[in-house]
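Okay, structure first, notes after.
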Amino acid sequence: MTPTPASAERTLRRGYVLTVLGLLAVTAVYVLAICYTPVEVRQGPAQKIFYVHAPSAWGALVAFVLVGISSILYLWLHDTRLDLFAASSAEVGIAYSLVMLTTGPIWGKTVWGTWWTWDARLTLTLFLFFLFVGYLALRAALHDRGERARFSAVVGIMGLLLVPFIHLSVYLFRTLHPQPILLKPSSPSLPPEMLRTLMVGMAAFTLLYVGFVTVRYAMAQLADLREGDADAV
Amino acid sequence: MTAPAEAPLLEARGLARSFGALRVLRGVDLAVRAGEMLAVAGPNGAGKTTLLRLLAGLMRPTEGEVWVMGRRLTRSEPEARRGIGLLSHQTFLYDDLTPHENLTFVARLYGLPDPTVAARVALEEVGLAHRAHDPVRQLSRGLLQRAAIARALLHQPSVLLLDEPFTGLDAPSAARFRELLASQLARGRALVLVTHHLAEAWELAGRLAVLVGGRWALEEARPDRLVDFLPRYEALVHG
Amino acid sequence: MGDGIRLALAVAAKDIRLELRSRTALLSAVVFAALVLVVFNFARDPTAISAMDLAPSVLWVTFAFGAVVALNRAFTVERENAALDGMLLAPLPRSALYLGKLLANLVFVFVVEAVTLPLFVLFFNVSLGHAWPGILGVTTLATIGFVSVGTIFSAMVVRTRFAELMLPVLLLPFMVPPLVGAVQCTARLLAGRPLSEMLGWLRLLTLYDIVFVTLCTLAFPAVVDE
């Protein structure tokens with residue numbers, strides 16, 4: 001049950017492999033986006049940023065939900081591995097949300113002339129970003145291992161429950177203050193090339209997420225083992 | 001003085017505590033009966049404070065259980081804590097409140113029937129009645145100690161845990177404190193005393209245990225003479 | 001159950017007595033809130049934006065800042081006195097400890113708000129009129145929401161070095177739904193709009209309170225127990 005340095009190293013290697021595969025997949029998405037997909041009529045080439053923007057938003061949300069779930073499991077089972085996983089997922093999640101939050105305004109400014117809009121997805125990802133920041137800042141500020149794990153687990157669970165309320169707030173706000181619906185694939189049925197590229201994008205970013213988290217998790221395990229030895233001396 | 005067949009007031013079985021990969025306590029058993037004191041010694045970092053916190057219910061064991069007066073100490077049953085008292089370096093007193101206010105609050109925490117009366121009586125018993133209504137921050141170290149003792153004993157705990165209580169006490173205070181411990185034992189309390197200096201409470205201890213590296217290096221009836229025991233102790237600690 | 005409430009009240013009473021004795025946190029929070037109001041008043045251009053448009057946001061931002069300052073004290077006092085263990089030692093259900101702290105914090109934040117509101121009316125020349133019971137109700141709902149989360153977070157950040165900085169960083173995302181709801185309702189109340197226009201927001205506020213007070217009560221043992 002207790003991880004050994006050897007098993008952590010194995011996980012690390014696996015993680016590197018997955019990460020490389022993920023990066024290759026992301027490169028493939030870029031190629032597809034630039035060469036394969038058609039240019040959208042109203043928005044022009046800038047629309048293609050969507051193939052990076054949407055999957056990273058998805059990745060951030062997945063990362064966040066997994067932080068929440070492993071937080072709940074940690075408080076129930078007290079398995080340190082769940083805590084290390086949550087921390088790794090949060091670090092990858094904050095990176096993904098930053099990607100989403102930078103591509104969004106670039107897209108918005110290029111195509112519609114506004115940097116920011118309080119639409120549901122951007123707003124939610126912004127909140128995920130702030131929640132990630134709080135989560136990671138708290139972890140960095142706590143030196144006692146047990147406290148760090150427990151407290152961040154509580155924050156993780158509370159953050160998970162905050163998400164529906166953010167949704168609700170945005171929904172209520174928009175029904176009373178109708179806003180232009182931006183940053184959405186405007187037609188319900190995308191041309192097949194767009195849909196396929198989007199799917200590839202989702203898969204690629206998910207694969208990359210798994211790779212990053214695996215690497216980060218293995219590194220966290222190694223650090224934890226080293227700390228344990230150091231303390232015991 | 002105590003019947004050996006009596007059920008212990010405090011019991012621990014297979015007590016272990018880890019922090020991630022770090023194992024601080026590795027399987028400790030103990031049993032303390034009414035009117036008996038267990039002295040726990042050992043080098044720094046051996047896990048004595050962790051052990052005390054586990055026994056007090058302030059920390060959750062990774063493995064094993066603690067039983068107080070036949071009730072298991074778990075999160076879901078706060079009542080089991082009623083029998084425990086702890087005297088540690090922290091006084092648990094609020095500086096801005098008076099001893100009387102502090103103890104009244106504690107009495108309420110423990111659901112004692114007449115909180116203000118219980119507080120007053122406890123303060124009289126430790127000789128603090130004359131300063132009962134001055135803020136705690138104004139008390140001298142000696143009086144502060146007395147207030148801390150009053151707080152620890154207020155709810156008449158059957159099990160009393162003491163974390164190096166003789167630290168910083170001058171000889172007369174230490175003697176008075178030993179008398180207090182003796183009277184607690186006479187009332188049938190079970191005591192666990194964590195100490196650095198075996199001489200402090202040698203006579204009072206019924207059992208002696210030495211904690212080294214998270215485990216008992218020794219756990220037995222207190223030997224007769226301290227001078228004879230000291231070489232053994234050195235060997236255990238530095239061996 | 002009755003025991004739990006009695007214990008919570010004892011904890012709350014102790015905290016309130018402590019604060020009255022030292023008065024530091026409450027005073028700083030009130031002064032801070034007043035300063036914020038003054039700054040807002042001087043900073044705005046009265047000809048460009050009407051007071052009524054800005055008023056609800058100003059009021060609630062002020063309440064929020066004041067609350068954060070007041071909340072920081074909740075567990076600092078326990079740390080300073082190393083007294084938390086003393087309470088945890090007792091047969092005190094952790095939920096009673098949380099509710100007691102929550103109650104005390106609500107009292108403190110309500111005091112800050114009670115002082116801030118008249119100042120606000122004064123500086124911004126806002127007429128509350130018939131809206132004041134509604135504003136009181138909305139204020140209560142929203143305050144319960146963010147104080148419930150603030151109480152558990154202050155228990156966590158007190159163990160960190162930069163507690164005063166960590167608390168806002170953690171807490172602000174959680175303050176948004178109650179704040180947005182409160183601002184929207186306050187704006188409508190001041191404009192004399194009918195209740196039907198606020199129902200959605202009121203439901204949000206109430207639901208938030210129920211969910212987070214429950215969640216914080218359940219999660220609190222994980223924070224204070226090792």
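Stokes-Einstein, applied to the Kirkwood radius of the stretch C:1-129 over Cα pairs at a viscosity of 1.567 mPa s and 4 °C, places its translational diffusion at 80 µm² s⁻¹. For the stretch C:166-207 versus the stretch A:117-180, the spacing of their alpha-carbon centroids is 17 Å.
The Cα trace of chain B gives Rg and Dmax of 18.0, 53 Å, the first to one decimal, the second as a whole number. Ordering B:215-223, C:30-38, B:154-162 by mean Cβ neighbour count within 10 Å, with the highest value first, yields B:154-162, C:30-38, B:215-223. For residue B:35, nonlocal amide neighbours, meaning residues 5 or more places apart or on other chains whose placed amide H falls under 5 Å from its own, are B:188, B:189, B:190. Shielding by partners for peptide C:152-158, expressed as the average number of C-beta atoms from other protein chains within 10 Å of each residue's C-beta, is 4.
Near residue A:12: Cβ cut-off under 15 Å, other residues only, Lys/Arg at +1 and Asp/Glu at -1. The net charge is +4. Taking amide H positions as modeled 1.01 Å from N, with prolines and chain starts lacking one, the residues under 5 Å from residue B:217 and 5 or more places away or on another chain are B:210, B:211, B:212. Its Cα gyration tensor gives the stretch B:28-142 an equivalent ellipsoid; the semi-axes, largest first and in whole Å, are 30, 18, 14.
Karplus-derived 3J(HN,Hα) values for the stretch A:26-34, using 6.51 cos²θ - 1.76 cosθ + 1.60 with θ = phi - 60°, are 5, 4, 4, 4, 4, 4, 4, 4, 7 Hz; glycine and proline are entered as x.
Please state the Cα pair-distance histogram of the stretch C:115-226 with 10 angstrom bins from zero: what percent is in each bin? Whole-percent P(r) values from 0 Å outward: 13, 37, 30, 16, 4, 0.
Geometric descriptor of chain A, per residue, is 129 Å³ (volume of the convex hull of the Cα atoms).
Once the Cα atoms are used to define both axes, helix B:99-109 deviates from the longest principal axis of chain B by about 70 degrees. Summing +1 for each Lys or Arg and -1 for each Asp or Glu among the other residues whose beta-carbon sits under 9 angstrom from that of residue B:62 gives +2. For the segment A:145-151, counting C-beta atoms of other chains within 10 Å of every residue's C-beta and taking the mean gives 6.
Mean sequence separation of contacting Cα pairs (under 8 Å, at least six apart), scaled by the length of chain C, corresponds to a relative contact order of 28 percent.
Beyond 15 Å, the tail of the calculated P(r) for the stretch B:79-181 holds 59 percent of the Cα pairs. Scalar couplings 3J(HN,Hα) for the stretch A:46-63, obtained by applying the Karplus form with A = 6.51, B = -1.76, C = 1.60 to θ = phi - 60°, are 4, 4, 5, 5, 3, 6, 9, 5, 5, x, 5, 5, 4, x, 4, 5, 4, 4 Hz; x denotes Gly and Pro. The shape of the stretch B:82-128 comes out rounded: with a ≥ b ≥ c from the C-alpha gyration tensor, a/c is under 1.5. Put simply, the amide H of residue B:87, placed in the peptide plane, has neighbours under 5 Å in B:161, B:162, B:163, leaving out anything fewer than 5 places away on its chain. Shielding value for C:168-175 is 6, the average number of Cβ atoms from other chains within 10 Å of each residue's Cβ. Between the stretch B:104-154 and the stretch C:71-140, how far is it from one alpha carbon centroid to the other, in angstrom? If you average the Cα positions of each part, the centres end up 29 Å apart. Net charge of the neighbourhood of residue C:221, taken over other residues with C-beta under 9 Å away and scored Lys/Arg +1, Asp/Glu -1, is +1. Residue farthest toward the positive end of the dipole of the protein assembly as shown, with Cβ of Lys/Arg at +1 and Asp/Glu at -1: which of A:50, A:128, C:58? Ranked along the dipole, the leading option is A:50. Taking a ≥ b ≥ c as the square roots of the eigenvalues of the Cα gyration tensor of the stretch C:165-208, is the shape rounded (a/c under 1.5), prolate (a/b larger than b/c) or oblate? Oblate is the answer for the stretch C:165-208, as a/c is 1.5 or above yet b/c matches or exceeds a/b.
For the stretch C:195-202, the Karplus equation 6.51 cos²θ - 1.76 cosθ + 1.60, evaluated at θ = phi - 60°, returns couplings of 4, 4, 6, 10, 4, x, 5, 5 Hz by residue, with Gly and Pro reported as x. Please report, in debye to the nearest 20, how large the charge dipole of the stretch C:59-126 is about its Cα centre when each Lys and Arg carries +1 at its beta carbon and each Asp and Glu carries -1 there. The calculation lands at about 80 debye. Which distance in Å, rounded to a whole number, links the C-alpha centroids of the stretch B:183-226 and the stretch B:12-37? Using only Cα atoms to place each centre, the spacing works out to 15 Å. Across the alpha-carbon set of the protein assembly as shown, the Rg to Rh ratio works out to 1.04, Rh being the Kirkwood radius.
FYI, it's all coordinate maths here, none of it is from the lab. Since the model is a prediction, treat every value here as computed from it, not as a measurement. In this analysis, Cβ positions are derived from the backbone assuming ideal geometry, glycine residues included, and neighbour counts consider all displayed protein chains.
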